[in-house]
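Reviewing the structure listed below.
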Amino acid sequence: MKTSYKIIAVLIAGLFTAGVTQAQEGRLNLNINYSINTPTGNFKDVIDKTSYRSWAASLLYGINDKLSIGLGTGFQDFYQKYPRQVYKLDDGSDISAVLTNSIQAIPVLAQVQYNFTPQSAIQPYVGVGVGGNLVLYRQYVGEFENSKSKFGFAARPEAGIFVPFRKGGPSGITLRADYNYMPVKYNDLDGMSNWGAGIGVKFPLQ
Amino acid sequence: MKSILLTISAAAVMGLLGSCTKEPLNNLTEDESRIYITNRDSSANFSSYTTFSIVDSVSVISNNRLEGKDITAYDAAVIDALKTRLQQQGYTLVSKSQSPDIGINVSRIYNTYSGIVSYPDYWGSYYGYWDPFYWGYPGYGYGFPTWYGSYQITEGALSIDALDLKDAGAEKQIKGVWMGLVRGSGVFRTQNAANHIKSLFDQSTYFKSGQ
């Protein structure tokens with residue numbers, strides 16, 4: 001695992017140093033963010049622990065300097081282990097177990113983003129993505145797994161700032177916060193909406 | 001060339017981040033892996049029983065076949081722990097020839113098929129491996145209420161059944177009144193046997209004698 005983090009650090013450093021100085025218009029930009037996500041609403045009944053194992057990405061085409069459209073995706077991993085306790089089942093039986101909930105989500109979104117001040121040193125932006133979400137739900141009763149995959153609706157409004165490596169350049173650092181609306185239902189899971197915040201890099205692919 | 005390298009780097013970062021899933025099974029200790037399941041006949045009055053007897057060996061059931069009876073150090077530890085705990089619950093240990101109110105069967109089950117917390121008639125599958133003759137009722141059938149669920153088993157399980165012998169003569173049937181099932185890693189470790197019995201009875205607070 002430590003090796004993985006080192007490789008990630010080296011690769012991200014590589015992305016930082018690969019600045020290409022062109023404007024956004026007519027360009028395809030990739031934005032990759034490490035993300036921290038906190039469950040909210042009913043999702044907290046299943047998992048209330050913040051995840052430090054998520055990322056978000058978008059591939060956006062600049063229609064003009066301010067507006068870009070494209071695709072958004074990501075990966076969120078939520079996990080929580082509950083201490084041993086006795087659960088009463090519908091048939092009257094009692095089961096003593098350590099319960100573990102593990103949920104992963106991969107959104108695939110159509111995304112639009114608006115940059116308020118494309119030429120400044122710090123560029124605030126807002127965006128929204130709407131689409132679907134692949135959810136892998138796994139619940140372990142002790143070591144015994146009950147799993148289910150579902151595909152459902154997802155929406156991801158976000159806001160952040162883009163700080164180019166040099167003024168007017170297309171590559172730089174992004175700081176962002178988003179809300180992941182995911183109204184998925186399965187067993188005890190009634191929605192897995194969450195707040196996210198992260199840091200990443202943006203760079204053109206052309 | 002630069003954009004190709006960037007894309008490859010980006011894909012690699014995404015892939016590595018995606019591999020950071022926290023795997024539940026890698027974060028479970030052996031103790032945490034085990035589950036303890038109990039169920040009972042809700043019409044049974046456990047305080048009405050005063051005596052019990054327990055089998056002197058354990059039936060070994062593998063892939064739905066009775067392999068035979070055995071008494072390993074583990075089996076003996078389970079039987080001893082059961083004797084101790086049931087006496088703590090207020091029941092008197094007697095030999096099976098002394099007309100016990102409750103008979104206790106112990107089974108080790110080994111199966112290879114998988115499944116989780118489903119209930120396809122567990123007792124319906126296994127009760128018959130204990131000959132009613134053992135309890136002095138040759139020719140009688142076993143009767144188990146429909147609530148007795150079953151669990152499909154991925155590896156080994158320890159199963160303990162409590163039988164109502166007190167009313168068997170009148171009802172011409174040996175009725176199951178309680179079941180305890182232990183599944184997970186380390187189920188058959190001798191040093192865990194006492195803890196299995198403790199866990200099963202700790203969650204079955206109704207299982208005590210009125211005497």
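Kindly indicate whether residue A:38 is buried (at least 21 other Cβ atoms within 10 Å of the Cβ), in contact (Cβ under 8 Å) with a residue 12 or more places away in the chain, part of a strand (DSSP E or B) and not acidic (Asp, Glu).
On the way: buried (at least 21 other Cβ atoms within 10 Å of the Cβ): no; in contact (Cβ under 8 Å) with a residue 12 or more places away in the chain: yes; part of a strand (DSSP E or B): yes; not acidic (Asp, Glu): yes.
Spelling it out, it is not the case that residue A:38 is buried (at least 21 other Cβ atoms within 10 Å of the Cβ), in contact (Cβ under 8 Å) with a residue 12 or more places away in the chain, part of a strand (DSSP E or B) and not acidic (Asp, Glu).
When residues of the stretch B:62-94 are filtered for being closer than 16 Å to residue B:188 by Cα and either among the β-branched types (Val, Ile, Thr) or assigned to a loop (DSSP other than H, G, I, E, B) (or both), how many remain? Give the derivation first.
Looking only at the stretch B:62-94, we keep the residues that are closer than 16 Å to residue B:188 by Cα, and these are B:62, B:69-82.
Within this subset, residues satisfying the condition of being either among the β-branched types (Val, Ile, Thr) or assigned to a loop (DSSP other than H, G, I, E, B) (or both) are B:71-72, B:78-79.
Counting residues in the stretch B:62-94 that are closer than 16 Å to residue B:188 by Cα and either among the β-branched types (Val, Ile, Thr) or assigned to a loop (DSSP other than H, G, I, E, B) (or both) gives 4.
Within the stretch B:166-186, which residues are outside any strand (DSSP E or B), in contact (Cβ under 8 Å) with a residue 60 or more places away in the chain and surrounded by fewer than 23 Cβ atoms within 10 Å (Cβ to Cβ)? If you could, list the steps in order and put the result at the bottom.
First, pick out the residues of the stretch B:166-186 that are outside any strand (DSSP E or B): B:166-172, B:184-186.
Narrowing the set further to residues that are in contact (Cβ under 8 Å) with a residue 60 or more places away in the chain leaves B:166, B:184-186.
Selection gives B:166, B:185, B:186.
In the stretch B:181-211, what residues are under 14 Å from residue B:108 (Cβ atoms) and more than 10 Å from every other protein chain (Cβ to nearest Cβ)?
If the condition is that a residue be under 14 Å from residue B:108 (Cβ atoms) and more than 10 Å from every other protein chain (Cβ to nearest Cβ), then B:186, B:187, B:188, B:189, B:190, B:192, B:193, B:196 are the ones that fit.
Right, residue A:60: among the hydrophobic types (A, V, I, L, M, F, W, C), more than 14 Å from every other protein chain (Cβ to nearest Cβ) and crowded, with 16+ Cβ neighbours inside 10 Å or not? Show your work before the answer.
Details: among the hydrophobic types (A, V, I, L, M, F, W, C): yes; more than 14 Å from every other protein chain (Cβ to nearest Cβ): no; crowded, with 16+ Cβ neighbours inside 10 Å: yes.
No, not satisfied.
Looking only at the stretch B:49-61, filter to residues that are of a type outside the set (D, E, K, R) and not in a strand (DSSP E or B); which one of those is farthest from residue B:210 (Cα to Cα)? So that I can check it myself, show each step before the final result.
If we filter the stretch B:49-61 for residues that are of a type outside the set (D, E, K, R), which is where we start, we get B:49-55, B:57-61.
Among the residues that remain, those that are also not in a strand (DSSP E or B) are: B:49-50, B:55, B:57.
On the way: B:49: 7, B:50: 7, B:55: 23, B:57: 28 Å.
Looking at the filtered set, the residue picked out is B:57.
For the stretch B:31-45, give me each residue that is closer than 27 Å to residue B:155 by Cα and either crowded, with 19+ Cβ neighbours inside 10 Å or facing chain A (nearest Cβ under 7 Å) (or both). Please lay out each step first, then the result.
First pass over the stretch B:31-45, keeping only residues closer than 27 Å to residue B:155 by Cα: B:31-41.
Hits for the stretch B:31-45 are B:32, B:33, B:34, B:35, B:36, B:37, B:38, B:39, B:40, B:41.
Within the stretch B:47-100, track down each residue that is touching a Pro at 6+ places or on another chain (Cβ under 7 Å) and among the hydroxyl-bearing types (Ser, Thr, Tyr). Reasoning before the result, please.
Filtering the stretch B:47-100 down to residues touching a Pro at 6+ places or on another chain (Cβ under 7 Å) leaves B:51-53, B:94.
Matches in the stretch B:47-100: B:51, B:53.
If you take the residues of the stretch B:95-112 that are part of a loop (DSSP other than H, G, I, E, B) and within 14 Å of residue B:184 (Cα to Cα), which of them is modelled with the highest pLDDT? Give the steps one after another, and end with the answer.
Within the stretch B:95-112, the subset part of a loop (DSSP other than H, G, I, E, B) is B:95, B:99-101, B:111-112.
Okay, now just the ones that are also within 14 Å of residue B:184 (Cα to Cα), so B:111-112.
Values: B:111: 73, B:112: 61.
Ranking the qualifying residues of the stretch B:95-112, first place goes to B:111.
The values are calculated or read from the model by the stated rules, or taken from the named source; none is laboratory data. What you see is a predicted model, and the numbers here were worked out from it, not measured in a lab. Note: ideal-geometry Cβ built from the backbone for every residue, glycine included; neighbour counts use all protein chains shown.
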